[in-house]
Amino acid sequence: MSDQAAYHVPTGELALSGPVEKPAPGTLPLRGDVAHIALASRFLVPHYVVPQLRRIGAEPVALRLTASQDAAALVQLGAGAEVEALDFAGDWCWCCLGPDGPSGYVPIAALAPTEL
């Protein structure tokens, strides 16, 4: 398994015209500061990320709306499920199931160890 998801990386000048409706939190992998590279032609943010492929460890875990155990659970991810990691901060990983979402947070400890 490659540690990086394969997505088309836009080249040349990107242009956005007119207002864009902001999607609901937890849907697309889009935050105010960063977005999935596959969304570069649709949304303007300061940074785009080519995701790292990771797997959920031996125990199922909830994908949460925010980086908190008290946050709403968006979906339950089964053991071994593949996710696309976009950002790591503190004890949490912001990830998604693909460029169409959903996106949310899982504890870094819930991820399977990476292969070296």
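Taking the range 74-99 as the range and being out of contact with any His (no Cβ under 7 Å at 6 or more places or on another chain), surrounded by 13 or more Cβ atoms within 10 Å (Cβ to Cβ), among the aliphatic types (A, V, I, L, M) and under 20 Å from PRO25 (Cα atoms) as the test, the residues that pass are LEU74, VAL75, LEU77, VAL83, ALA85, LEU97. Would you confirm, using the coordinates I've provided, whether GLU21 is of a type outside the set (S, T, N, Q), loosely packed, with under 11 Cβ neighbours inside 10 Å and at pLDDT 95 or above? No, not satisfied. Looking at the range 14-41, I want the residues that are under 17 Å from LEU63 (Cβ atoms) and have a partner that is among the hydroxyl-bearing types (Ser, Thr, Tyr) and at pLDDT below 90 with Cβ atoms under 9 Å, at least 6 apart or on another chain. Which pairs are those? Short answer, once both residue conditions are applied: HIS36/TYR7.
Cβ-Cβ distances below 8 Å connect the following pairs, each with a first residue in the range 91-111 that is more than 14 Å from ILE56 (Cα to Cα), a second residue that is among the acidic types (Asp, Glu), and a separation of six or more residues or different chains: GLY98/GLU84. Quick check on ASP70: is it among the acidic types (Asp, Glu), under 14 Å from the mean Cα position of the chain (by Cα) and surrounded by fewer than 16 Cβ atoms within 10 Å (Cβ to Cβ)? Criteria not met by ASP70. Against the conditions (1) under 18 Å from ASP3 (Cβ atoms); (2) surrounded by fewer than 17 Cβ atoms within 10 Å (Cβ to Cβ), GLU59 satisfies every one except (1). Search the range 31-56 for residues being surrounded by 15 or more Cβ atoms within 10 Å (Cβ to Cβ), touching a helix residue (DSSP H, G or I) at 6+ places or on another chain (Cβ under 9 Å) and not aromatic (Phe, Trp, Tyr), and hand back the single one that is farthest from ALA85 (Cα to Cα). Among them, the one singled out is VAL45. When residues in the range 100-116 are screened for being crowded, with 16+ Cβ neighbours inside 10 Å and in a loop (DSSP other than H, G, I, E, B), 2 of them pass.
The values are calculated or read from the model by the stated rules, or taken from the named source; none is laboratory data. None of the values given here were measured: they were computed from a predicted structure. No Cβ is skipped: glycine too gets one built from the backbone with ideal geometry, and neighbour counts run over all protein chains shown.
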